[in-house]
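Only the coordinates and a few stated rules stand behind these numbers; no lab work does. As the structure is a computational prediction, the values presented were derived from the model and not from experiment. Cβ sites come from the backbone with ideal geometry, for glycine too, and all protein chains shown count toward neighbours.
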Amino acid sequence: MNFIEMLFGRKNEKIRKLNLIEAEKIVYERKKEVEKELTEKAYFKISEIKHLIGTVERELEEIEKRNLLEEGENKYFRKIISSSQKNMTKQIKALLEKIKPKIFNSVEDIQSYSMFCIETIQREVIFYRKNISYTSVLLKEEVKLVGNTLQEIIEACQEIYNICSEQEYKNIKAVETMIKEYYEKNERLEKKVLELDELENKEKKLEEEINNLKVGIDKLKESDNYKKIIEIKKELEKLYEEKNEISRNFYSLLTNSEKAIKRFIVMAEKGLYIINKEEIELLKDYLEDIELASKRDPKAQKFKTILEEIKKAVEEDKINLKKEEREKRLKALQTLIEYDYFNNIFWRLNEIEKKKNLISKSLENNKILLEIEEKEECLKNKLKEYEELKKEIKIKEESISKDRLTLDYDKKLLKEKIEELIKIEIEL
């Protein structure tokens, strides 16, 4: 298919199917044609500018030839004007050198040149206005000719700028930019798709690692050694429960005496009863931590001595209690005094602690337990990594989906713009 057919389509062909590369080629060919047309028009005007610059140079030569000092009286005044005359011609010649056309590589270069000329002439003529005004006093028509010719250069430059701003060329440049941006967006999308593939491969690998860890843990837990460990752990749990039961029983026994003991502690801390700080702390231990209290006072001899003091204070009404509850508190205190702390608490807790330590020691260095703990910790980290990876994949998928929608929209808009340029309906 030749270019004409590609551009206008064959006979009876309503829609041309093109890929983006083919469409880009058509736009590029049209751009070359338009650039050629615009360049030819612009160069015609550039030739005119060259001619006008030559005209200004000749007009300046005529001004330079005039010897103002010899043309009349008032030498001082003419000397001032003559100085301005020399400065003006020198300055405008320098200006002409700046705006002389050079080699242009593109329509944009030509357009930039035209704007440069306009701005340079307007800026520098204002800068030279003093010399121009003074010279005009005696060479009014000659200076006016120079001004008119410079204005013609400005007008020619404006025409060049307008030529280079031709709408079709602007549309072609816009389409070129759109195509470039489309390629860049598509390249970024392809990169994201590759990144997603890498993430999904990582996900599969991680799923396999997680599955292997779970299988490994299950296999270890199915072993006879682990089943024995479970039985040992159950025994350890029973010891903890027995220990808790001892505490519960004691604090149940303590309930009816607790109010009197707490009031006694408050009075002792205020100095109303003479007992040492260690004894106050021991009372608090019995109220809060029976295991610690029994270690400090195995047979509860100190505790019982203090309880006797509390009982006496209740009897003497030194601890403020309602009459109807006094007997109840005294009875409860007597029960605490008579209680066998050594056998019911200290000894039992001590035996439990011994058994617990033996069991804990046997579990500490158990290889299966250590291996299971290690695998479970590894599994925990892998699962956390897996969740983070799933989030990253979701974000990447959403980004890709958004980019694809954007590209579809850009492609549709690009199709419309290309159709406007080549005047045929296409299918990208």
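Once you've got the GNM for the chain with C-alpha springs shorter than 10 Å, pick whichever of 361, 402, 25 has the biggest mean-square fluctuation.
It is 361.
In what order do 319, 422 fall by count of nearby beta-carbon atoms within 10 Å, going from fewest to most?
422, 319
Give me the one-decimal nm value for the distance between modelled label points at residue 323 and residue 86, 7 Å along each residue's Cα-to-Cβ direction.
13.5
Over what distance in Å are the Cα centres of the stretch 137-187 and the stretch 27-60 separated?
Centre-to-centre (Cα) distance: 11 Å.
Could you list the GluC sites (Glu not before Pro) in the stretch 34-115 that lie in coil according to DSSP, counting only those with at most 15 other Cβ atoms within 10 Å of their Cβ?
Passing sites in the stretch 34-115 are 71, 73.
Suppose we keep just the alpha-carbon trace of the chain; what are its Rg and Dmax in angstrom?
52.2, 146
For 185, 322, what's the fewest-to-most ordering of other Cβ within 10 Å of each Cβ?
322, 185
Once the convex hull of the C-alpha atoms of the stretch 311-380 is built, how many Å³ does it hold per residue, rounded to a whole number?
Dividing the Cα hull volume of the stretch 311-380 by its residues yields 166 Å³.
Running a GNM on the chain with Cα contacts under 10 Å, which residue among 111, 334, 167 ends up with the highest mean-square fluctuation?
Judging by the Gaussian network model, the answer is 334.
Set the Förster radius R0 to 56 Å, insert the Cβ-Cβ distance between residue 230 and residue 187 as r into 1/(1 + (r/R0)^6), and round the FRET efficiency to 0.05.
FRET efficiency, residue 230 to residue 187: 0.45.
Which parts of the stretch 323-359 would a label at residue 288 reach, counting a residue when its backbone N lies under 18 Å from a point 7 Å out along Cα-to-Cβ?
Under cut-off, by backbone N: nothing.
Under the 0.36 nm per residue contour assumption, what length would be gained going from the current alpha-carbon distance of residue 407 and residue 270 to full extension?
That pair, residue 407 and residue 270, stretches by 41.1 nm at full extension.
Which links in 31/192; 31/417; 243/284; 205/396 stretch past 22 Å when you go from one Cα to the other?
Where the Cα-Cα span goes over 22 Å, the pairs concerned are 31/192.
If each residue of separation counts as 0.36 nm, what is the full-extension length gain between residue 242 and residue 74 once their alpha-carbon separation is subtracted?
Additional length available on full extension: 47.3 nm.
Using a basic spin-label model with each label point 7 Å from the Cα along Cα→Cβ, how many nm lie between residue 305 and residue 122?
Distance between label points: 11.0 nm.
Alpha carbon centre of the stretch 272-289 versus the stretch 300-374: separation in Å?
The stretch 272-289 and the stretch 300-374 have Cα centres separated by 14 Å.
Report the gain in length on full extension from residue 397 to residue 377: 0.36 nm times residue separation, minus Cα-Cα distance, nm rounded to one decimal.
4.2 nm
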